[in-house]
Amino acid sequence: MPVPPSDAALLARARRVARQLQRGGQRLATAESCTGGLIAKTLTDLAGSSTWFECGWVTYSNRAKQTELGVGEGVLARHGAVSEQVARAMARGALVTAGVEQAVAVTGVAGPGGGSALKPIGTVWIAWARRRAGAVRVTARLHHFAGDREAVRRRTAAAALDGLLEA
């Protein structure tokens with residue numbers, strides 16, 4: 001099994017995200033559950049991040065997802081917190097609430113507990129929301145990351161940043 005991304009590897013991705021956002025004159029918001037703020041922390045470790053990073057939410061509970069990001073109670077009840085629908089709603093909520101051009105959201109099962117047969121440890125949904133010409137576009141991707149809690153969190157952060165670079 002490959003080694004999870006190091007701090008240096010995450011920072012290298014964050015620098016590329018920063019350059020891309022600055023070139024486009026765009027700002028970013030994050031909405032995190034299973035990563036507990038790791039994505040926002042990595043991004044704001046960069047000097048000057050206040051010019052392109054607007055804000056981040058750590059919405060670990062369902063209640064926080066509802067009150068902070070506008071995720072519907074019915075969506076959570078029907079699909080569960082670790083789902084494409086919730087990741088998309090989190091990303092859209094962060095984008096709209098922060099009034100930014102890009103947002104990324106993550107929700108998953110980092111472990112060591114909490115997994116199930118349908119959503120085992122390492123199951124993570126990542127969603128990216130982008131605003132262009134007034135229209136909001138949200139994409140999402142399912143991942144199954146191997147490793148312990150820290151490895152899942154680091155792999156999630158790396159994949160979230162990589163997705164921002166694909167825009």
Mind checking which residues of region 129-149 are in contact with a Lys or Arg (Cβ under 7 Å, 6 or more places away or on another chain) and under 16 Å from residue 97 (Cα atoms)?
129, 130, 136, 137, 138
Of the residues that sit in region 1-35 and are crowded, with 16+ Cβ neighbours inside 10 Å and more than 18 Å from residue 166 (Cα to Cα), which one is modelled with the lowest pLDDT?
4
All but one of (1) touching a helix residue (DSSP H, G or I) at 6+ places or on another chain (Cβ under 7 Å); (2) within 30 Å of residue 8 (Cα to Cα) hold for residue 44; which doesn't?
(1)
Using the structure shown, decide if residue 155 is under 15 Å from the mean Cα position of the chain (by Cα) and over 19 Å from residue 28 (Cα atoms).
yes
Going by what's in this entry, would residue 14 be described as among the small types (Gly, Ala, Ser) and farther than 19 Å from residue 138 by Cβ?
yes
For residue 41, state whether it is part of a loop (DSSP other than H, G, I, E, B) and among the charged types (D, E, K, R).
no
Name the single residue that is surrounded by the fewest Cβ atoms within 10 Å (Cβ to Cβ) among those in region 98-124 being in contact with a helix residue (DSSP H, G or I) (Cβ under 7 Å, 6 or more places away or on another chain) and under 16 Å from residue 57 (Cβ atoms).
102
Residue selected from region 111-160 under the condition part of a loop (DSSP other than H, G, I, E, B) and under 21 Å from residue 93 (Cβ atoms), by the criterion modelled with the highest pLDDT:
133
I need a count of the residues in region 57-106 that are over 29 Å from residue 25 (Cβ atoms), touching a residue at least 24 places away in the same chain (Cβ under 8 Å) and not aromatic (Phe, Trp, Tyr).
7
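The values are calculated or read from the model by the stated rules, or taken from the named source; none is laboratory data. Keep in mind that what you see is a predicted model, and the values were worked out from it rather than measured. Positions of Cβ are backbone-derived with ideal geometry, glycine not excepted, and every protein chain shown enters the neighbour counts.
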